[in-house]
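These notes are about the structure you will find just below.
No value in this document is a laboratory result; all are computed from the given coordinates. Computed from a predicted model, the values in this text were never measured in an experiment. Neighbour counts run over all protein chains shown; Cβ positions are idealised from the backbone, glycine included.
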Amino acid sequence: MSLVAIGLNHHTAPLEVRERITFAPERMTDALSQLRHQLRVPEAAIVSTCNRTEIYCGMDTRRADHVVEWLHDFHQAPSETFSPYLFTRVDQAVVQHLMRVCSGLDSLILGEPQILGQIKQAYREAGETGAVGKHLSLLFQSAFNVAKQVRTDTAVGASPVSVAFAAVSLAKQIFGDLDEHTALMIGAGETIELALQHLKTSGIGNVIIANRTLARAESLAEQYGAEATTLANIPQLLHRADITISSTASQLPILGKGAVEQALKARKHQPMAMIDIAVPRDIEPQVSDLSDVFLYTVDDLSEIIDRGMQARKQAAEKAEHIIEHQASDFMRKMRGLSAGSTIAELRAQAGSIQQQTLDKALAMIAKGEAPEKALQYYAHTFTNKLLHKPSAGLRAATESGDESLIRSTRQLFDLDAEAQPVEQNNNDQTPDQNKTNPDQNKIN
């Protein structure tokens with residue numbers, strides 16, 4: 001079994017492609033079930049965030065194309081819609097990639113910490129559905145440990161740079177001081193909460209939190225001294241918002257062009273900053289056609305993010321060295337895991353042959369055969385059966401010109417070691433008695 005990762009992210013695909021391939025939370029269990037039972041993928045986990053959709057599998061690499069076909073079928077997309085943007089990584093490349101992702105080195109914002117929590121959630125969901133086995137368990141746990149080491153040993157996450165931070169920085173660029181402005185936060189997840197923290201630090205005047213579930217909005221509003229409401233009330237209060245930051249898991253837009261036009265009229269066309277950091281997008285792209293509206297998406301934040309990256313780049317170089325070393329160490333563990341499984345199977349096979357042969361030898365004694373004869377039968381038959389398949393394989397390898405198997409066998413069984421002298425006492429035996437019966441030692 002190999003480790004395989006198939007997916008796309010902000011490095012390989014534009015926003016309009018990424019938003020078509022996301023996995024809604026309510027469909028994640030079904031997706032994992034299809035991978036395991038329809039495609040017969042032994043182990044699988046799906047990471048689906050605003051910037052990446054990646055499927056991690058423990059499987060035969062020859063089945064990777066089937067996963068790509070399934071991706072199109074699951075999202076009801078024409079064949080090859082996503083293929084130009086997909087990457088496929090195998091074994092050590094998978095390990096290094098996931099370690100980089102968990103450490104924040106592959107994020108839109110270098111070193112951002114939110115991705116680690118998202119990966120852990122994806123791992124938990126896969127585990128709860130029974131999709132995680134020993135290979136993916138070792139992979140994800142190792143990646144989490146490396147991410148912790150990177151955070152501890154480097155300054156890659158020292159600066160407060162994130163999508164949420166960039167969104168608030170952008171609002172400050174547009175409006176300057178925020179103490180007399182109102183922000184509308186659509187959603188109540190981790191990204192929105194982080195944006196709230198930055199807004200409060202920046203001195204925002206008023207905050208409204210709109211969420212599908214009022215109780216969650218109220219809980220967040222209580223922490224940050226904000227007003228809580230539901231998504232249904234957004235059209236009635238949108239005109240109050242100078243800044244709108246939206247991040248929900250909705251598969252359809254929350255805000256359309258018409259609602260924003262009405263809000264602009266009520267505001268007498270005072271400018272509005274709208275920052276959509278959701279994938280799929282919460283705000284219709286056509287809103288950007290309106291005068292007095294500054295609409296930005298996650299892709300538009302990259303310039304702001306770049307300015308905060310310089311301080312982290314040196315730390316990232318050190319982190320890359322940590323990951324390279326840990327990935328190599330992980331592959332040694334994986335090879336050991338594979339060897340352990342093979343050794344266990346080999347021992348089980350030998351044990352089965354041993355028991356079958358022993359049972360027959362004991363039956364011979366029970367029928368009155370001499371113990372010496374039964375013992376000779378046991379030793380001869382056990383050796384023959386144990387070495388029959390390896391011997392046949394070596395002959396076939398030699399006939400086909402595969403000398404590597406011969407060399408490996410000689411090394412494995414130490415056949416080229418210097419022969420040790422065997423002491424023999426021939427005083428009480430004739431030369432004929434010392435001869436070995438060639439048929440007795442013949443290996444079939």
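For the chain, DSSP calls about 45 percent of its internal beta bridges antiparallel. Counting only residues 5 or more places away or on other chains, whose amide H sits under 5 Å from the amide H of residue 52 once H atoms are built in the peptide plane? Long-range HN contacts for residue 52: none found.
Counting other Cβ atoms within 10 Å, keep those with at most 13, restrict to DSSP loop, and tell me which GluC sites (Glu not before Pro) in segment 149-228 are left. Filter output for segment 149-228: 180. Going by the alpha-carbon gyration tensor, a ≥ b ≥ c the square roots of its eigenvalues, is segment 163-302 rounded (a/c under 1.5) or, if a/c is not under 1.5, prolate (a/b greater than b/c) versus oblate? Verdict is rounded for segment 163-302.
Backbone N atoms of segment 156-178 closer than 12 Å to the 7 Å Cα→Cβ label point of residue 267 belong to residues 175.
Subtracting the Cα-Cα distance of residue 213 and residue 302 from their residue separation scaled by 0.36 nm leaves 28.9 nm.
In plain terms, the residue of 224, 123 with the fewest other Cβ atoms within 10 Å comes first and the most crowded comes last, giving 224, 123. Only helices enter the 222 nm calculation for the chain: every DSSP H run of n ≥ 4 contributes -39,500 (n - 2.57), and dividing by all residues gives -16000 deg cm²/dmol, rounded to 500. Between residue 346 and residue 190, the modelled labels are 4.4 nm apart [label points 7 Å from Cα along Cα→Cβ]. At full extension, residue 37 and residue 370 could sit 114.3 nm farther apart than now, given 0.36 nm per residue minus the alpha carbon distance.
Give the long-range amide H neighbours of residue 7: residues separated by 5 or more places, or on another chain, with amide H under 5 Å away, using H modelled in the peptide plane at 1.01 Å from N. Those lying under 5 Å, H to H, from residue 7 are 55, 87. Step through the table entries 148/200; 120/148; 148/318, compare each Cα-Cα distance with 23 Å, and write down the pairs that go over it. Going by Cα-Cα distance, 148/200 fall outside the 23 Å limit.
Computed from Cα positions, the angle between helix 214-224 and the longest principal axis of the chain comes to roughly 80 degrees.
Counting only residues at least eight positions apart within a chain, or on another chain, the aspartates and glutamates with an alpha carbon under 18 Å from that of residue 389 are 345, 399, 402, 403. Treating r as the C-beta distance of residue 292 and residue 222 and R0 as 41 Å, the FRET efficiency rounds to 0.80. Would you work out if segment 348-414 is rounded, prolate or oblate? Take a ≥ b ≥ c from the square roots of the eigenvalues of the alpha-carbon gyration tensor; rounded if a/c is under 1.5, else prolate when a/b is larger than b/c, oblate otherwise. Verdict is prolate for segment 348-414.
Full extension of the chain between residue 360 and residue 408 gives 13.9 nm of extra length, using 0.36 nm per residue less the Cα-Cα distance.
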